[in-house]
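Below: the structure, in structure tokens.
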Amino acid sequence: MKKIFIISAFLLIFAIGLYLFYQEGTLPINKQAKETTIFVIKRGENLNEIINRLWQEKLIRNRLVFYFIIKKLGLEKKIQAGDFRLSPAMDAYTLAKTLTHGTLDIWITFIEGLRKEEIAQIISQNFNLPETEFIKSAKEGYLFPDTYLIPKNATVDTIINILEKNFYQKFNKDLQEKARLKNLSLEEVLTIASLVEREAKSENDRKLVASVIFNRLKNEMKLDIDATVQYALGYQTQEKTWWKKNLTQEDLNIDSPYNTYKNIGLPPGPICNPGLSSIKAVIDAPKTDYFYYLSDKTGKTHFAKTLEEHNQNIQKYLK
């Protein structure tokens, strides 16, 4: 009987200790704190990493207790990537719930090859800003494709500045100097890179497509690039896309300075916003004897040195 009493007393003391340990772990670090801090959760960051950083930044008292609270509330999969304004005055429950909503910034991704109207649509959907205002102010080619954390209350000018600043960071002075040594202006690099971005997908294909463009420019041949006609045609209501899939002969005859089937040389400017790989492909384009290329139904690009070879490729891969 005495043994049972001792065990019961021990379990009671343990339970009380566990309760006090848990209760202490839920309390704020400093209930009187007035200051706040911006806590950023990165995309792909796991729960343990988040909890460890919260503890290191003195926002929670106990990592184990906070982990239990997250599990208890079922919040593990509800925690968002983004930045949060947190305070040492928050208790663990309040802080845990805060991480599931109300981020100060919005994660947004712009993929390679979008024209500024497509980027404007994405921005309008996420920030409730007028597409027309963005389109009017943005410069095609300079809106660097990447993943961004943008303030919720950002203006059109703020967003454009963020994208353009990233562009100049990625297209750095070293790349600009390499372009200059090849007698290429910034606008020329971006324009050609935008054509490459829409015409080729693999890194090797990009460089070869760039070489074809340079060869045709040097020989004063029309570029005959479908993507420039797509750009000139603009939004396709039936297809609901800015890039018409199947071009007709009438399309190829459209009267536009961007139509490289009618005009010799480069179009007036970029037709989309290229990624760094396409920009580098232009700067590092090899010297080849290719003057023609086409993409088959699988997306593979086939190159030819002569019109005869090109016609053979057409018969072989497109018929």
**OP:** Hydropathy first: keep DSSP H helices in the chain averaging at least -0.5 on Kyte-Doolittle, then drop any whose Cα extent along the axis falls short of 18 Å, and list what survives.
**Re:** 2-26, 156-170, 186-199, 203-218
**OP:** Could you give the spread of the C-alpha atoms of segment 162-319 along their three principal axes, from largest to smallest, in whole angstroms?
**Re:** 45, 38, 29
**OP:** Give the long-range amide H neighbours of I106: residues separated by 5 or more places, or on another chain, with amide H under 5 Å away, using H modelled in the peptide plane at 1.01 Å from N.
**Re:** I150, K152
**OP:** With a Förster radius of 30 Å, plug the Cβ-Cβ distance of V40 and K201 into 1/(1 + (r/R0)^6) and report the FRET value to the nearest 0.05.
**Re:** 0.35
**OP:** Going by C-beta contacts inside 10 Å, put R61, R180 in order with the fewest on the left.
**Re:** R180, R61
Original post:
Hey, if you put +1 on the Cβ of every Lys and Arg and -1 on every Asp and Glu Cβ in the chain, which of L175, L27, L266 ends up farthest toward the positive end of that dipole?
Top reply: L27
Subject >> Where labels lie 7 Å past Cα in the beta-carbon direction, separation of E250 and Y317 in nm >> reply: 3.0 nm
Original post:
Can you list, bin by bin at 5 Å, the percent of alpha carbon pairs in segment 24-98, starting at 0?
Top reply: 3, 17, 31, 29, 15, 4, 0
**OP:** Could you work out how far the C-alpha centroid of segment 191-208 sits from that of segment 40-75, in angstrom?
**Re:** 43 Å
Subject >> Additional length obtainable on full extension of the chain from L217 to K152, 0.36 nm per residue less Cα span >> reply: 19.0 nm
Original post:
Hey, could you pull the Cα Rg and Dmax for the chain, both in Å?
Top reply: 28.7, 104
Original post:
Which residues' amide hydrogens lie under 5 Å from the amide hydrogen of W242, considering only partners 5 or more residues apart or on another chain, with H built in the peptide plane?
Top reply: Q236
Original post:
So how do V212, V40 line up by other beta-carbon neighbours within 10 Å, fewest first?
Top reply: V40, V212
Subject >> E57-S124 FRET efficiency (beta carbon distance; Förster radius 35 Å; 0.05 resolution) >> reply: 0.50
Subject >> √(5λ) per eigenvalue of the Cα gyration tensor, segment 158-237, largest first, Å >> reply: 23, 20, 12
Original post:
Can you put T298, T94 in order, fewest other beta carbons within 10 Å first?
Top reply: T298, T94
**OP:** Just tell me which lysines come within less than 23 Å, Cα to Cα, of K170; anything on the same chain fewer than 8 places away is out.
**Re:** K42, K116, K139, K178, K182, K201, K207, K280
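Values in this text are rule-based calculations from the coordinates and carry no lab data. These numbers come from a predicted model, not from an experiment. Virtual Cβ from ideal backbone geometry, glycine too; neighbours counted across all protein chains shown.
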